[in-house]
C-alpha cells in the first residue's frame, strides 16, 4: 500500500470514529490504534487478575459466612472480567498466553493500586468502595469507547463492578456503625487507600503521554483530571455519611467551581510504585509467576489429553 | 432426639465448610484461569450448603446461636468433618484426588438424603444434588485428563490418589450417631453405599489409566472430633476475626 493510500484509509477511519461508528475486529484500523488498544485492554485484564491477590488475602479470614461467600464471588468476578478482556484483546490479534508472559516478565503493566497491602478486614470494604468506585468512573467512560468488543465487555463489567462497589460501601457502613475498634479500623483503611485511589486515574493531564491521541480516537473520552475530580466529588459525601474523613487537610468545597478542591498528590510515590518499588510489587508478580509455573504441567496434561482423544476419535472413524 | 439431629446436621455442614474453605485457598492461584473460577464455584456451592445446614441446626437448637457461631466459635475437637476434607490442597493433582474421593461419596450420600424423613434435610439435599453432580463431573474429568495426560501428570495424579486413599474408609464406618439417624429414617445408611462407591472409583480410575492404590484404607477419627494436625491451622485462620473481635457485627 502506498503512503497516500494509508493516509486515505486513516482519514476514513477518523471520519467513522467522529461519526460514532464502532470499530469492529475485521475493520481496517491504524496499527497504532490496534497497539494502543492491545496495551490498554491487556493492562486492564492484568489488573483484574493481579487484583484478585490483595482481596484474596482475606478470603480465608472473612469474618462471617455471608462475607466469605460475597468476597469469594467478587474475586471470582474479577477472574471473569480478566477472561472477557483477554478475549477482547484476542480479537485484535493478541494471544492470551503471550500477554500473560509479558505481565510475568514485567513488560506489561497493571493498575498500581494492587501493589498496596490489605492489612485489615476494613481494607476489603475500602477497596470495594474506593478502588472499584474509581475504576467505575473510568469504565463507564469506556463503555462508549470506539472499539466494539471492548465497549461491549465494559458494559457487562460495569454492572458487576457497581455491585461490588455497593458491597464494599456496605462493609464500610457496617464498620462505621459498629464498635470504636471497628470504626478505627475503617478510618485506618480509608487513610491508607485514599491517596492511592486518586492516583488510579493516572498522571495529571499535563504529564499524560497517551492521552491526546486516545481522545481523538475515542478510546478515551475524559481526561485523567476530569475523572479524578468526578470521583472526589461523588466520594466525599459518601465519606461524610460514614462519619469518616479523608486524610487531606486541603480538602474543601469550592462554591464557585461547584467541585471539591483537594491537596496535591504525591507523584513521587506514584512513579515509585509504577516503576516497581511499591510495598507489594514483587510479591504480586511472584504470586502470579508461581501460579503460572506450577500450572504448567496441568496445562500440558490438558493439551496432551485433548490430543490423545482426538487421535482415538480419528482412529475410530477410520476403522468404522 | 433433637440434640442428636443437631449433631448430625453439624457433621454434614462441617464437611462442606472445611472443604469449601480449602478450595477457597486456590482462589487467585489456580493453574488456569478457567480452573481457578471452577474451583471457586465449587467452594461457593459448598459454603452455601454449609449455610443451609447451619441455619437449620441453629433453628433446631433454639439457643440463639447463629450460623456464624456454629462455623467460627467451636474448638477443633467439636468439628465433625471427615479427615479427608481438611487435608491441605497440595498440588493440583492432590486437590483433584481429594475432590474426586469426596464428590463420589457426596453424590451417593445426597441421593439417599433426599429420601430423609426430615423434610428440611431432604430439601437441602435436593438442592445440593444438582450442584454436586457438577462437582463430580469436574473432578472426574480432571482426574482422567491428568491420569491420561503426560507422564508427569500421570505420576502426580497417581501419587495424589495413593496418598489420600487412606481417608476414604471414614465415609463408611458408621459411628453411633449415624447408626441412630439411619435407623430413624433421617440419616443415611452409609455402609450400604460402600460397594457402589468403590466400584465407581474403579471405573473412573480405569478411564484415567490410574492404578487402584495397593493398600486397605483405614484412617478414621474426624467424625468423632479426632483430627489431623492440619485442622487447627485452618481454624486459627478461619476463626481469626471472630476470636480477635468477639461479639461484633460484620
> Hey, with R₀ at 35 Å, roughly what FRET efficiency would residue B:134 and residue B:62 work out to, going by the Cβ-Cβ distance, to 0.05?
Replying inline: 0.55
> In the P(r) worked out for region A:84-177, what percent of Cα pairs fall beyond 15 Å?
Replying inline: 68
> Roughly how many nanometres apart are two label points built 7 Å out from the Cα toward the Cβ at residue A:311 and residue A:206?
Replying inline: 6.6
>> Quick check: the distance between the Cα centres of region A:121-153 and region A:262-291, to the nearest angstrom?
In response: 19
>> I want to verify a result. In a Gaussian network model of chain B, Cα cutoff 10 Å, which of these has the top mean-square fluctuation: B:94, B:38, B:183?
In response: B:183
>> Using only Cα atoms and rounding to the nearest 10 degrees, what angle (0 to 90) does helix B:119-147 make with the longest principal axis of chain B?
In response: 20
>> So if I take the centroid of the Cα atoms in region A:16-95 and the same for region A:167-181, what is the distance between those two points in Å?
In response: 29
> In a GNM of chain B with a 10 Å cut-off on Cα contacts, which of B:198, B:82, B:240 has the highest mean-square fluctuation?
Replying inline: B:240
> Under the rule of -39500 (n - 2.57) per DSSP H run of 4 or more residues, summed and divided by the residues of chain A, what mean residue ellipticity at 222 nm is obtained, to the nearest 500 deg cm²/dmol?
Replying inline: -22000 deg cm²/dmol
>> Just want the ordering: B:24, A:162, from fewest to most Cβ atoms lying within 10 Å of their own Cβ.
In response: A:162, B:24
>> If the elastic network links every pair of Cα atoms under 10 Å, which of A:47, A:208, A:112 fluctuates the most in the Gaussian network model of chain A?
In response: A:208
> When only Cα pairs under 8 Å and 6 or more residues apart are kept, what is the percent relative contact order across region B:2-244?
Replying inline: 25
>> As a footprinting exposure proxy, order A:195, A:217 by other Cβ within 10 Å, with the fewest listed first.
In response: A:195, A:217
> How high is the relative contact order of region B:161-250, in percent, with contacts defined as C-alpha pairs under 8 Å that are six or more residues apart?
Replying inline: 36
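What ranking do A:114, A:201 get, fewest neighbouring Cβ atoms within 10 angstrom at the top? Please list the in-between numbers first.
Details: A:114 26, A:201 23.
Going from least to most buried by this count: A:201, A:114.
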> How big is the Cα convex hull of region A:187-238 in projection, averaged over all directions, in nm²?
Replying inline: 4.1
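With a Förster radius of 56 Å, plug the Cβ-Cβ distance of residue B:226 and residue A:152 into 1/(1 + (r/R0)^6) and report the FRET value to the nearest 0.05.
With R0 = 56 Å, the Cβ-Cβ based efficiency is 0.55.
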> How long are the three semi-axes of the equivalent ellipsoid for the protein assembly as shown, computed from the Cα gyration tensor as the root of 5 times each eigenvalue, in whole Å, largest first?
Replying inline: 47, 33, 19
> Over chain B, with a single point scatterer placed on each C-alpha, what log10 of the ratio I(q)/I(0) does the Debye formula yield at q = 0.08, 0.10, 0.11 1/Å?
Replying inline: -0.29, -0.46, -0.56
> Using the alpha-carbon atoms, what tilt in degrees (0 to 90, nearest 10) does helix B:2-24 show relative to the longest principal axis of chain B?
Replying inline: 40
>> Can you show me the helix-derived [θ] at 222 nm for chain B, built from DSSP H runs with n ≥ 4 at -39,500 (n - 2.57) apiece and divided by the number of residues, rounded to the nearest 500.
In response: -22000 deg cm²/dmol
>> Using only Cα atoms and rounding to the nearest 10 degrees, what angle (0 to 90) does helix B:194-208 make with the longest principal axis of chain B?
In response: 40
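Each value in this text was obtained by applying a stated rule to the coordinates, not by laboratory testing. All values derive from a computational prediction rather than experimental measurement. Don't worry about glycine lacking a Cβ; one is built from the backbone with ideal geometry, like all the others, and counts go over all protein chains shown.
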